[in-house]
Amino acid sequence: MSHEVDPSTPRSLIPLAGDTIDVWYVDPNTVAQAILDHWYAELLPANERKQCDRFLFEKDQRLCLVARALLRSTLSRYRDIPVTGWRFGVGSHGKPYVLLPDNSQELQFNLSHTNGMVVCAVRRHQPVGIDVENTARRAPLDIAHNYFAPRECQDLSSLDENDQPAAFFTYWTLKESYIKARGLGLAIPLDAFAFRLDACSTPRIEFSEELEDDPARWRFFLPDEIAAGYRVAVATMTDQQTPTKLRIEKADLQA
């Protein structure tokens, strides 16, 4: 199901329960140039335009612009606030958050993009992280030992060679989603936590003693509904009592 957002007209707000994560996605190549031009010229503040302008290549500028448009239009699906009304702060390790309006700071979000796909995850109150990777590209298996925990490297190497690329992207996106949800980036040692993958269950995380985190308070998702050729992972904190649900929505950016 897709929902159109027109910044100039009233919208029906989408309810977001506390136990639900919404993931919105869009292929940046399907967004008309006229729509992007309007977002750039009329709807984005100067600092966000500058963020997109700093990229040298047009495809990267487009990804950045679509990501900013997707974030603003997505947040305005849940609050009666125009897309121009949002202001964002940045944490000490670079994670953005809602700064204004102050009555909407309960909305937690995270963005990710890769060639051909932009995704945005939103949840109320609890932190959320998301990562997307284009799996059509070659999996850089030779760098796994630089970024994965020893247990993950061992499990990866034990797989059939044909299965290793898909597993690599699964580990990679899961690890990215966790550190993005924590909001600490690479301040978290990547070898201090490991994922266990089981075809019959959701991914499970394990921590070394130095990380001082509790696996029971985390839930991870690997949705397959978005598009072939992309791996998406979502991480969120949970109270352990209420199951967390994931909703997948295709965004339709409008000017």
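Give me the pairs, please: first residue somewhere in region 213-236 and without any contact (Cβ under 8 Å) to a residue 12 or more places away in the chain, second residue anywhere and not in a loop (DSSP other than H, G, I, E, B), beta-carbon distance under 8 Å, and either six or more positions apart or on two chains.
Correct list of pairs: D214/F207; P215/R204; P215/I205; P215/E206; P215/F207.
Hey, any hits in region 47-58 for a residue that's part of a helix (DSSP H, G or I), touching a Pro at 6+ places or on another chain (Cβ under 9 Å) and either surrounded by 17 or more Cβ atoms within 10 Å (Cβ to Cβ) or among the charged types (D, E, K, R) (or both)?
So far as region 47-58 goes, no, none of its residues is part of a helix (DSSP H, G or I), touching a Pro at 6+ places or on another chain (Cβ under 9 Å) and either surrounded by 17 or more Cβ atoms within 10 Å (Cβ to Cβ) or among the charged types (D, E, K, R) (or both).
Considering only residues that are closer than 22 Å to A251 by Cα and either assigned to a helix (DSSP H, G or I) or out of contact with any strand residue (DSSP E or B) (no Cβ under 6 Å at 6 or more places or on another chain) (or both), which ones fall in region 86-102?
Hit for region 86-102 is W86, nothing else.
List, please: which pairs have Cβ atoms under 8 Å, are six or more places apart or on different chains, and start with a residue in region 75-101 that is in contact (Cβ under 8 Å) with a residue 12 or more places away in the chain and end with one that is part of a strand (DSSP E or B) and of a type in the set (S, T, Y)?
G91/Y97
Report whether or not A216 is closer than 23 Å to R123 by Cα and surrounded by fewer than 15 Cβ atoms within 10 Å (Cβ to Cβ).
yes
In region 70-85, is there at least one residue being touching a strand residue (DSSP E or B) at 6+ places or on another chain (Cβ under 7 Å), among the β-branched types (V, I, T), part of a helix (DSSP H, G or I) and surrounded by 20 or more Cβ atoms within 10 Å (Cβ to Cβ)?
yes
Condition first: in a helix (DSSP H, G or I), of a type in the set (V, I, T) and within 22 Å of H145 (Cβ to Cβ). Can you find one or more residues in region 175-196 that meet it?
Yes, region 175-196 contains at least one residue that is in a helix (DSSP H, G or I), of a type in the set (V, I, T) and within 22 Å of H145 (Cβ to Cβ).
Output the residues belonging to region 119-168 that are among the aliphatic types (A, V, I, L, M), without any contact (Cβ under 8 Å) to a residue 60 or more places away in the chain, assigned to a helix (DSSP H, G or I) and surrounded by fewer than 17 Cβ atoms within 10 Å (Cβ to Cβ).
If the condition is that a residue be among the aliphatic types (A, V, I, L, M), without any contact (Cβ under 8 Å) to a residue 60 or more places away in the chain, assigned to a helix (DSSP H, G or I) and surrounded by fewer than 17 Cβ atoms within 10 Å (Cβ to Cβ), then L141, I143 are the ones that fit.
Of all residues being at pLDDT below 95 and either among the hydroxyl-bearing types (S, T, Y) or not in a loop (DSSP other than H, G, I, E, B) (or both) in region 1-27, which is surrounded by the fewest Cβ atoms within 10 Å (Cβ to Cβ)? Just the residue, please.
S12
Have a look at S112, S104, S73 and point out the one that is among the polar types (S, T, N, Q), under 16 Å from the mean Cα position of the chain (by Cα) and over 21 Å from E176 (Cβ atoms).
S73
If you scan region 103-118, which residues turn out to be surrounded by fewer than 17 Cβ atoms within 10 Å (Cβ to Cβ) and part of a strand (DSSP E or B)?
Residues satisfying the conditions do not exist here.
Test of understanding: among P150, P140, P127, which residue is under 30 Å from R68 (Cβ atoms) and touching a strand residue (DSSP E or B) at 6+ places or on another chain (Cβ under 9 Å)?
Selected residue: P127, the only one of P150, P140, P127 that is under 30 Å from R68 (Cβ atoms) and touching a strand residue (DSSP E or B) at 6+ places or on another chain (Cβ under 9 Å).
From the list D198, D239, exactly one residue is over 14 Å from D19 (Cα atoms) and at pLDDT below 90. Which is it?
One residue alone meets the criteria, D198.
The values are calculated or read from the model by the stated rules, or taken from the named source; none is laboratory data. As the structure is a computational prediction, the values presented were derived from the model and not from experiment. Cβ sites come from the backbone with ideal geometry, for glycine too, and all protein chains shown count toward neighbours.
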